[in-house]
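The numbers here are math on the coordinates, done by the rules we state, and not lab data. Note that this is a predicted model, so its numbers are computed, not measured. Cβ sites come from the backbone with ideal geometry, for glycine too, and all protein chains shown count toward neighbours.
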Amino acid sequence: MPFIDSKITVKVSEEKREKIKAELGKAAAIIGKPESFLMVGIEDEYCLYFAGEKLEKGAYVSVDVFGSVSSAAADKMTAKICEIYETELGIPGNKIYVEYRGTGDWGWNGRNF
């Protein structure tokens, strides 16, 4: 039950959204989560500042999961997320923050797991 939410400074075409969504779907296995329950949010043309400067190319990515993610899996997932955004949007890894949040309460379809 992961939700990967991205706030991206650049405009993202529908074609790129689909490609990013597909790549994140494959990457979900890294953190032990199925694509069948993956939800992805992409908010483009988002204003981000880093080190006091407005970012022309940058991203903040939040990975929310039911349960938790090991540090080793999070490290691999961060590398993959940075690779996806650099390949698809030209955003350098040093301008991407990735946050992981786990919870024991996750609702879907009128109930909690």
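Structural remarks
- Relative packing of peptides 4-11, 33-40 - highest average C-beta neighbours within 10 Å first: 4-11, 33-40
- Taking the C-alpha atoms only, the angle from helix 71-89 to the longest principal axis of the chain is near 40 degrees.
- Label-point gap, in nm, between Lys26 and Ser68 - each point 7 angstrom along Cα→Cβ: 3.0
- The chain: Lys pairs at Cα distance under 15 angstrom, eight or more positions apart or on different chains: 17
- Cα centroid separation, the stretch 51-113 to the stretch 1-43: 9 Å.
- Taking all Cα-Cα distances within the chain, those exceeding 18 Å account for 48%.
- In order along the stretch 57-63, the phi-based Karplus estimate (6.51 cos²θ - 1.76 cosθ + 1.60, θ = phi - 60°) of 3J(HN,Hα) comes to 10, x, 8, 10, 10, 10, 10 Hz; Gly and Pro are listed as x.
- Contour minus Cα-Cα distance for Lys54 and Thr87 (0.36 nm per residue): 9.7 nm
- Arg111/Glu14 FRET efficiency (R0 30 Å; Cβ-Cβ; nearest 0.05): 0.35
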